[in-house]
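Trainee: A single structure is presented below for examination.
No value in this document is a laboratory result; all are computed from the given coordinates. Fair warning: this is a prediction, and the values are worked out from it, not measured in the lab. In this analysis, Cβ positions are derived from the backbone assuming ideal geometry, glycine residues included, and neighbour counts consider all displayed protein chains.
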Amino acid sequence: MTSQDLPKPDYANNMKLIGYSDQGGRPDGVQLMVNKGYAIIGHMFSKGFSVVDVRDPRNPKPANYVPAPENTWNIHLQSHGDLLLVINAKDMFAAPEFQDETQYYKGALGKKVGTAENTEAAERNWTAGLAVYDIANPAEPRKIGFMSVEGGGIHRLWYVGGNWAYASVLLDGFTDYIFMSIDMSDPTNPKEVGRYWLPGMNLAAGETPTWDASRRNGLHHPIVNGDTAYCAWRDAGMVILDIKDCAAPQLITHQNWSPPYGGGTHNCLPLPDRDLLVVADEAVLDNCADGIKYTWMFDIREPSNPISISTLPTPDDADYVNKGAHFGPHNIHENRPDGMISNDTIFATYQNAGVRIYDISDAYRPSEIAAFVPPAPNRLMDGRLNRPKVIQSCDIWVSAEGLVYCSDYNAGLYILEYKA
């Protein structure tokens, strides 16, 4: 694809599009990793994951597609070295109960899926667990291991090599996703080691939720630094765990600012060299029906008492609230060891407002320094009810050299240069 053929952005500031791929005709993407020059992308609607050759980022080429088991999501994945970990879970957005997307983002998910109660009667037509692939050659993933779980499955993982992975898992008897530590010392045979949940989530043990029944009090995913797991717990805010003993995680602190704010906490990214934590609240409803969401800067010098000191600026270069679909934070680049690690620059997706880059060198006064808003998708891969034909920039991965890779629910893979 020549530069003349590349999609024309709706808005660009200090960012240049250099490459684009429709991912082999499956342009829907969620989490993406880049490994040995190949982008590996989990699909939201195409039921599997794709591999795109990006060794020449100006000329990305589809390399492979790996289908998911029947009725199963592979939306999230993690790669490091020669291993790829892929989640297996009920395909929520294909299920009748979630065709109105608002139903997915409110209430106890385990009750709606049928895994929280009456588990013996719940129909299980999906695969739930963790799949492990050998990607010594990323163009040809080779499945080498699988860990089954009883329930809805795994939502998202954290794995950066070594003996441990960490996951959010919807298990039988629980209201929503909880924390799980996984022994990866033998990648052909991953094993659960420990769990943590907020009191009230374990219905099977007789616990009773204390929160409003309309809330999604479940773990989105953890990010781990050293012996600490920083957990984004959706409408329950932020949970920080001591995981020195992976078999018995211990609570350090739990903080929640919803209400009055709208919930949906999605990422908790530690910047340990600066004693800072970047916390993004996901916008989950169209036209900001869940309120304007923010990405917060926390001072964590005292880990048991994080203090919010600022928020990243909300994009205002267009009327994104009324553009349609979701406007607000979705994901941030998570400083993975195989990509860019920065204490001063935050790379974020903002759904219908595209990609945003922030300078946080002054943590009390973050500023936006670059942006890229793709055009409307060519077609909708999203078959749910009343979905508008609007971009939803989803995940972001940044190379050590500063190339920005961005996925979209409908619009394919964008490869961008940040012009600092």
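Trainee: Using the Karplus curve 6.51 cos²θ - 1.76 cosθ + 1.60 with θ = phi - 60°, work out ³J(HN,Hα) for each residue of the stretch 132-141 in order, rounded to whole Hz, and write x for Gly and Pro.
Mentor: Working through the residues one at a time gives 10, 10, 7, 10, 3, 10, x, 5, 9, x Hz.
Trainee: Just list whichever of Lys36/Lys293; Lys61/Lys143; Lys61/Lys293; Lys16/Lys47; Lys61/Lys419 have alpha carbons separated by over 28 Å in the model shown.
Mentor: From Lys36/Lys293; Lys61/Lys143; Lys61/Lys293; Lys16/Lys47; Lys61/Lys419, over 28 Å: Lys36/Lys293; Lys61/Lys293; Lys16/Lys47.
Trainee: Work the Kirkwood hydrodynamic radius out for the stretch 141-228: mean of 1/r over every pair of different alpha-carbon atoms, inverted, in Å.
Mentor: 14.0 Å is the Kirkwood radius here.
Trainee: Ok, one more. Give me Glu282, Glu192 ranked fewest to most by other Cβ atoms within 10 Å of their Cβ, as a rough exposure proxy.
Mentor: Glu192, Glu282
Trainee: For the stretch 126-178, what is the convex hull volume of the alpha-carbon atoms per residue, in Å³?
Mentor: Dividing the Cα hull volume of the stretch 126-178 by its residues yields 97 Å³.
Trainee: Let me ask something additional. How many Å³ per residue does the convex hull of the Cα positions in the stretch 33-130 occupy?
Mentor: Normalising the Cα hull of the stretch 33-130 by residue number yields 117 Å³.
Trainee: Magnitude of the Cβ-charge dipole of the chain, K/R +1 and D/E -1, about the Cα centre, nearest 20 debye? Don't jump to the answer; show the numbers that get you there.
Mentor: On the way: 34 positive and 51 negative charges, 135 e Å.
So the magnitude is around 640 debye.
Trainee: With Cβ to Cβ distances under 9 Å as the rule, what net charge do the other residues near Leu385 carry (K, R +1; D, E -1)?
Mentor: 0
Trainee: Here's something else I'd like to know. Whose amide H sits under 5 Å from the amide H of Arg216, counting only residues 5 or more places off or on another chain, with H placed in the peptide plane?
Mentor: The answer is Gly107, Asp235.
Trainee: Pairs of alpha-carbon atoms within less than 8 angstrom and 6+ residues apart define the contacts here; what relative contact order does the chain have, in percent?
Mentor: Across the chain, relative contact order equals 15 percent.
Trainee: Could you put Trp126, Trp197, Trp211 in order, starting from the residue whose Cβ has the fewest other Cβ atoms within 10 Å?
Mentor: Fewest-to-most Cβ neighbours within 10 Å comes out as Trp211, Trp126, Trp197.
Trainee: Which of the aspartates and glutamates could be linked to Lys90 by a straight reach, that is with a Cα gap under 18 Å, when you skip same-chain ones fewer than 8 residues away?
Mentor: Asp28, Glu70, Asp100, Glu101, Glu117, Glu120, Glu123, Glu150, Asp172, Asp176, Asp382
Trainee: Calculate log10 I(q)/I(0) of the chain for q = 0.11, 0.14 Å⁻¹, where I(q) comes from the Debye formula with a single equal point scatterer on each Cα and nothing for solvent.
Mentor: -0.76, -1.35
Trainee: Residue by residue through the stretch 367-378, what is 3J(HN,Hα) from phi via Karplus (6.51 cos²θ - 1.76 cosθ + 1.60, θ = phi - 60°)? Round to whole Hz and write x for glycine and proline.
Mentor: Result, rounded to whole Hz: 9, 7, 10, 7, 7, 8, 10, x, x, 4, x, 5.
Trainee: While we're here: Taking just the alpha-carbon atoms of the stretch 1-78, what radius of gyration and Dmax come out, in angstrom?
Mentor: 13.4, 43
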